[in-house]
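Reading through the structure tokens given below for one structure.
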Amino acid sequence: MTDISQLSEAEIIRSARRSEKRFALLGLSVLSLTMLVLLTLIIDFMVDGLGRIDYDFLTSFPSRRPNDAGILSAWVGSALVMIVTAALAVPLGVAAGLYLEEYAPKNLITNLIEINVTNLAGVPSIIYGLLALGLFIQMFGLGQTIFVAGLTLALLILPIIIVATREAVRSIPQEVREAAFALGADKWQTVGGYILPAARPGILTGAIVGMSRAIGETAPIITIGALTFIAFLPPSPVGPEFPFINFDWLGSPFTVMPIQMFNWVSRPQAGFHVNAAATGLILLAMTLLMNAGAIWLRYKLRRAMR
Amino acid sequence: MPLLVSPRFLARRRLVDRAMRAMMFAAAFVSVLVTMGIVYVLVSESVRFFAQVSMLDFLTDTQWTPVFQDKHFGIMTLVSGTLMTSGIALLVAVPAGTILAIYLSEFAPPALREIIKPFLELIAGVPTVAFGYFALLFLTPLFQTFIPGLAGFNLLVPGIVMGIMILPYIVSVSEDAMRAVPNTLREGAYALGYTRLQTGVKVVIPGALSGITAAYMLGMSRAVGETMVVAIAAGQQAKIALNPLEGAATITAYIVQISLGDVPHDSIAYLTIFAAGLTLFLMTLTFNVIAFVLRRKYREVY
């Protein structure tokens, strides 16, 4: 540090300006470095994996020979698990968010639930995997199935959807509620008829972010014990006979894309690393697109509110 | 005035209202059940574990070999690996995150801020397994060209990658805290002739200190619980981690390692992952609780 009593006013101002500029430059360089890392990561995946993605890769089962292996069972598994996760997490999370924001009285139980949601958001994902292993698989005997994986991921992203719902509901003007009450609507008519529709874009944003988190999540699914070598597809959800839909697939063994990728990364042969990069690139593209979609939606929403 | 609404409609409406209310409460209560389920599973399986292994051995043994003939259960080996990688992550994320947060809250024009924040969210959205691949197959070979002695599996690179992963959380939470500092304080500082940098360092940071510390705690908690990067790139050898250039197992990497193998449900190896999980849960809980208390504090101040 320079001793400022020795300096003239002009020098003090100049040195202050200089350190201002230096800090702004520092901030910008930290930022660019971070951007560079993300960019390098994306380019690395493209260089390693883009050439491997073709029709055969998407329609083949895993194989001992890296060049024959594909991700058919993995992407089908991911899609089915995501259906379960969305079907469980979105209704539960939205209902919980509505309750906390619109109904909850200020009491001990409400406080408990709120602290609990905050805490759950900070629990590592692998702990959810242990919950699923100890409770759903060992105690309830549900098996290493698509349903258990979907349920586990649903619990994992529940806090994300609850928080998004609460924020969306909180941003709805009080006048909407008052107008509905003034017209004679009761609480549920107001919440179900006016609050929920108005909050829909915000909830959708949260749901997309939550699903993008779930689709890339690996650790809890490993703990459940998903198999990495699955050379068959779960029973089809739609059948040729009445009632055309069946739920046998819920109880099927499965693998998902992140698991398949992890399996391939862990092998020593470079051929499998290429497969891992190709899987990772698809995963990366999906999560980045979903996140970008959520960000765009939020941006549109904020513009519409102004 | 004639009654326009039939009493039956009103009765049905009241029923629906009550039913919906009860359903929503039940949904909100599910989160409490999840926590209870987690605590129950971890504690009950750990009780079975500690029936066979003494707590003293668990905390003081310096070896971790549950699947070997000569079994040792010193959790401190895994804890040391976890703390080493998380510590490296914080060494990266704390300075970078604090600088970025000050830059965003005090320097950046609003338009730039609107671009940077979503960009940081994109980083947070990258699947962790992708970061693991990046750490093992891109960054480690790159770092090996200028750090001699860096092993193929090491703690340094996963630590740095985790630092980048937790950066968005640290920036977002600490910037929130900085923005909660009232503008009157900033204006007072400007009026005394402070520059933006001096205001940031001498007024905003002290004013937002509890929130910024909370951000570090949340970042630490995330790093401790992060799994895939260390499972892929840090190796699986459980030992007291002293050298970041060598590999060592973390708590999370160990749980993954055991889960991948075929471990019988009643074996001691199966129980170890719950004991390790309980240790992990208590570590993250500690950081989360400190963060929670600190954030509540700064919300009260302003």
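Per-structure values
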read-out	value
Per-selection metrics, chain A (Cα): Rg and Dmax in Å	25.1, 92
Estimated [θ] at 222 nm from DSSP helical runs (n ≥ 4, -39500 (n - 2.57)) normalised by residues in chain A, nearest 500	-22500 deg cm²/dmol
Electrostatic dipole magnitude of the stretch A:53-305 [Cβ: Lys, Arg +1; Asp, Glu -1; Cα centre; debye, to 20]	520
Shape metrics for the stretch A:131-204, restricted to C-alpha atoms - Rg then Dmax, Å	18.3, 53
Centre separation in Å (Cα based) which lies between the stretch B:86-121 and the stretch B:230-278	33
Dipole magnitude (debye, nearest 20) for the stretch B:75-301, charges at Cβ of Lys, Arg, Asp, Glu	620
Global geometry of the stretch B:1-120, whether rounded, prolate or oblate, following the gyration tensor of its Cα atoms and the 1.5 cut on a/c	oblate
The protein assembly as shown - Rg over Rh from alpha carbon coordinates, Kirkwood radius	1.00
Size of electric dipole in the stretch B:7-51: Cβ of Lys, Arg +1 and of Asp, Glu -1, about Cα centre, debye, nearest 20	540
Translational D in µm²/s for the stretch A:89-226 (Stokes-Einstein at 4 °C, 1.567 mPa s, Kirkwood Rh from C-alpha pairs)	80
Average other protein chain Cβ within 10 Å of Cβ, residues A:105-113	2
In Hz, Karplus ³J(HN,Hα) per residue of the stretch A:197-202 (6.51, -1.76, 1.60; θ = phi - 60°; x = Gly, Pro)	x, 5, 8, 4, x, x
Average Cα contact separation per residue, the stretch A:53-305, under 8 Å, 6 or more apart, as relative contact order %	26
³J(HN,Hα), Karplus 6.51/-1.76/1.60, whole Hz, each residue of the stretch B:274-290, x for Gly, Pro	6, 5, 5, x, 5, 4, 4, 4, 5, 5, 5, 4, 4, 5, 5, 5, 4
Selected from B:SER221, B:SER31, B:SER86 as most flexible by GNM, with chain B as the system and alpha-carbon contacts under 10 Å	B:SER31
Chain A, accessible area per residue, ligands and nucleic acids excluded (1.4 Å, Å²)	48
Share of alpha-carbon pairs per 5 Å distance bin for the stretch A:1-111, given as whole %	2, 8, 7, 7, 7, 7, 8, 9, 9, 9, 8, 7, 5, 4, 2, 0
Top of B:ALA291, B:ALA191, B:ALA238 by mean-square fluctuation, Gaussian network on chain B, Cα under 10 Å	B:ALA191
Over 19 Å (Cα to Cα) - which of B:LYS117/B:LYS297; A:LYS300/B:LYS117; A:LYS187/A:LYS300; B:LYS117/B:LYS202 fall in this group	B:LYS117/B:LYS297; A:LYS187/A:LYS300; B:LYS117/B:LYS202
Whole-percent carbon and sulfur share, accessible surface of the protein assembly as shown, 1.4 Å	67
P(r) weight above 15 Å for the stretch B:7-51, C-alpha pairs, percent	64
Longest site-free stretch - chain A; sites: chymotrypsin sites (Phe, Trp or Tyr not before Pro), DSSP loop, at most 13 other Cβ within 10 Å	A:1-139
Relative contact order, percent, chain B [alpha-carbon distance under 8 Å, six or more residues apart]	25
From phi via Karplus (6.51, -1.76, 1.60), per-residue ³J(HN,Hα) for the stretch A:22-37 in Hz, x at Gly/Pro	4, 5, 4, 5, 4, x, 5, 6, 4, 4, 5, 4, 4, 4, 4, 4
Long-range HN-HN contacts of A:ALA69 with modeled amide H, under 5 Å	A:SER63
Gaussian network model of chain B, springs between alpha carbon atoms under 10 Å - residue of B:VAL203, B:VAL173, B:VAL79 with greatest fluctuation	B:VAL203
Directionally averaged shadow of chain B, computed from the convex hull of its alpha-carbon atoms, nm²	26.0
Gap separating the Cα centres of the stretch B:143-189 and the stretch A:166-234, nearest whole Å	30
Under 16 Å from the Cα of B:LYS239 - aspartates and glutamates, other chains or at least 8 residues apart	B:ASP57, B:ASP61, B:ASP70
Sequence-distant aspartates and glutamates (8 or more away, or on other chains) whose Cα lies within less than 17 Å of A:LYS21	A:GLU11, B:GLU106
The stretch B:167-249: proportion of alpha-carbon pairs further apart than 20 angstrom, %	52
Residues with amide H under 5 Å from that of B:TRP64, placed H, sequence gap 5 or more	B:GLY74
Structure-based [θ]222 nm, chain B - -39500 (n - 2.57) summed over DSSP H runs of at least 4, per residue, nearest 500	-23000 deg cm²/dmol
Shape metrics for the stretch A:4-50, restricted to C-alpha atoms - Rg then Dmax, Å	19.7, 62
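The values are calculated or read from the model by the stated rules, or taken from the named source; none is laboratory data. Just so it is clear, the structure is predicted and the values come from calculations on it, not from any experiment. FYI the Cβ positions are ideal-geometry reconstructions off the backbone, even for glycines, and counts take in every protein chain you see. Heavy atoms of the whole protein, side chains included, go into the accessibility calculation; ligands, DNA and RNA do not. Shrake-Rupley method; radii C 1.70, N 1.55, O 1.52, S 1.80 Å.
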